[in-house]
Amino acid sequence: MKKKFKISLASQILIGLILGIIVGGIFYGNPKIETYLQPLGDIFLHLIKMIVVPIIISTLIVGVAGTGDMKQLGRLGGKSIIYFEIITTVAIVVGLLSANIFQPGAGLNMNELSQGDISKYVSTTEEVQHEGPFDIIVGIVPTNIIQSMGEGDMLAIIFFAVIFGLGVAAIGDRGKPVLDFFQGVADAMFWVTNLVMKFAPLGVFGLIGVTVSKYGFASLIPLAKLAILVYATMLFFIFVILALVAKFVGVNILFLIKVLKDELILAFSTASSEAVLPRIMLKMEKLGAPKDIVSFVIPTGYSFNLDGSTLYQAIAALFIAQMYGIHLSIGEQITLMLVLMVTSKGIAGVPGVSFVVLLATLGTVGIPLEGLAFIAGIDRILDMGRTVVNVIGNSLASLVMAKWEGRFDTVKMKNYFKDNENLA
């Protein structure tokens with residue numbers, strides 16, 4: 001019997017990516033192409049947003065209700081925040097060191113650069129800056145969970161699901177029908193996820209085609225040094241910093257990347273972490289992390305553990321300072337690091353989050369905000385890399401927390417490894 005030829009999802013997404021680049025390049029500068037391609041990308045992103053909230057709520061309720069231990073959950077939350085803070089701080093330090101050593105903005109002629117429109121981020125930044133230091137904590141507690149679900153407010157959704165899950169566990173046998181219902185919802189939504197992923201190559205084709213047709217490749221040339229440095233530093237962070245963390249868990253970083261290859265290609269192509277959230281949660285559970293840890297750590301990490309974003313923000317801040325000939329002392333760079341540590345937390349759902357964080361940060365050390373307009377043209381290209389680092393960092397975080405809690409299932413990981421020997 002002939003074996004049926006099948007193209008893997010990763011290959012389909014790559015084909016969509018390449019075709020999108022070609023079509024975008026051919027129709028560069030033609031606004032009509034956006035009319036036809038943008039709907040493909042928008043439909044795919046809407047499908048992803050449609051399934052993310054039901055999956056997080058159902059899996060988290062099932063996981064928490066299955067554990068039912070408030071102390072254990074509180075301990076997990078505390079450890080997660082400590083880990084997120086350490087790793088994102090390391091990412092900022094790596095970004096600052098990289099920008100100081102290689103000086104990407106030094107000697108750059110600003111007259112050669114085109115300026116992008118950053119006005120849409122200014123009003124968002126003003127809203128963020130007007131918030132008090134405890135507003136993020138207050139915002140975690142929803143006043144209307146239906147509204148929070150509609151707005152995709154991840155922290156509020158997680159808070160509600162955790163409390164509800166504890167409630168289901170507390171009522172014992174009476175909670176079993178509720179638990180069965182949410183287990184059924186989770187199973188159904190993962191089936192829907194696999195269905196939605198069949199549309200991924202078309203979504204990638206539309207999104208990348210629009211990007212290339214808008215900005216072309218010419219915008220990369222004057223800022224090539226910045227783009228190369230950002231990507232090189234991200235690779236260093238993955239294969240040195242995260243590799244060392246993975247070694248602590250007993251996972252080879254290359255193996256983890258191969259396990260996630262489909263999701264990483266999709267995340268890179270769409271520049272959207274949400275696009276792969278359901279699938280990385282499922283895979284980390286298969287790799288040996290318990291359901292309750294995975295369903296708590298990964299969604300929370302999407303707000304507090306954006307390694308790629310914080311690393312980029314550190315490089316971008318110094319790049320703009322160097323471009324304007326502004327020398328930042330060690331003290332000013334430490335201030336920059338401390339401000340980034342605070343402003344980068346809890347606003348992951350905000351559109352153009354890296355721009356919003358930078359707009360809220362640069363002024364504190366005297367860097368002109370208008371400098372951001374010079375890098376707006378290549379932000380999408382850099383965002384693709386940032387998203388990949390964020391996805392790897394949060395996937396690894398769930399394994400680290402499982403290990404730290406003494407609940408990492410090494411037998412499950414070895415079985416997954418045996419069943420997928422082609423990944424070795």
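The values are calculated or read from the model by the stated rules, or taken from the named source; none is laboratory data. Just so we're clear, the structure is a prediction, and the values are computed from it rather than from any experiment. With ideal geometry, Cβ positions are generated from the backbone for all residues, glycine too; neighbour counts draw on all protein chains shown. Surface accessibility is based on the protein's heavy atoms, side chains included, excluding ligands, DNA and RNA. Shrake-Rupley method; radii C 1.70, N 1.55, O 1.52, S 1.80 Å.
Only residues that are of a type in the set (Gly, Ala, Ser), within 20 Å of the chain's Cα centre (by Cα) and farther than 14 Å from PRO39 by Cβ were counted across the range 197-219, and they come to 1. Scanning the range 355-386 for residues that are aromatic (Phe, Trp, Tyr) and either over 12 Å from ILE320 (Cβ atoms) or at pLDDT below 80 (or both) yields a single hit, PHE355. The conditions of being acidic (Asp, Glu), within 13 Å of the chain's Cα centre (by Cα) and within 30 Å of GLY152 (Cβ to Cβ) are not met by GLU285. Out of PHE248, PHE239, one residue alone is open to solvent by 50 Å² or more (accessible area, probe 1.4 Å) and in contact (Cβ under 8 Å) with a residue 60 or more places away in the chain. It is PHE248.
Among residues that are aliphatic (A, V, I, L, M) and open to solvent by less than 50 Å² (accessible area, probe 1.4 Å), ILE158 is included. The lone criterion from (1) open to solvent by less than 60 Å² (accessible area, probe 1.4 Å); (2) assigned to a helix (DSSP H, G or I); (3) at pLDDT below 95 left unmet by LYS414 is number (1). Identify all residues within the range 185-203 that are of a type in the set (A, V, I, L, M, F, W, C), open to solvent by less than 30 Å² (accessible area, probe 1.4 Å) and farther than 13 Å from VAL62 by Cβ; write none if there are none. VAL196, MET197, ALA200 - these are the residues of the range 185-203 that are of a type in the set (A, V, I, L, M, F, W, C), open to solvent by less than 30 Å² (accessible area, probe 1.4 Å) and farther than 13 Å from VAL62 by Cβ. Candidates in the range 87-133 are the residues that are open to solvent by 90 Å² or more (accessible area, probe 1.4 Å) and closer than 28 Å to ILE228 by Cβ; of these, the one that is modelled with the lowest pLDDT is LYS120. Among the conditions (1) open to solvent by 60 Å² or more (accessible area, probe 1.4 Å); (2) modelled with pLDDT under 90; (3) in a helix (DSSP H, G or I), the only one that LEU73 does not satisfy is (1). Residues that are open to solvent by less than 40 Å² (accessible area, probe 1.4 Å), modelled with pLDDT of 90 or more and of a type in the set (A, V, I, L, M, F, W, C) within the range 167-184 comprise VAL168, PHE182, listed in sequence order. The single condition among (1) under 30 Å from GLY175 (Cβ atoms); (2) under 21 Å from the mean Cα position of the chain (by Cα); (3) not polar (S, T, N, Q) that GLY66 does not satisfy is (2).
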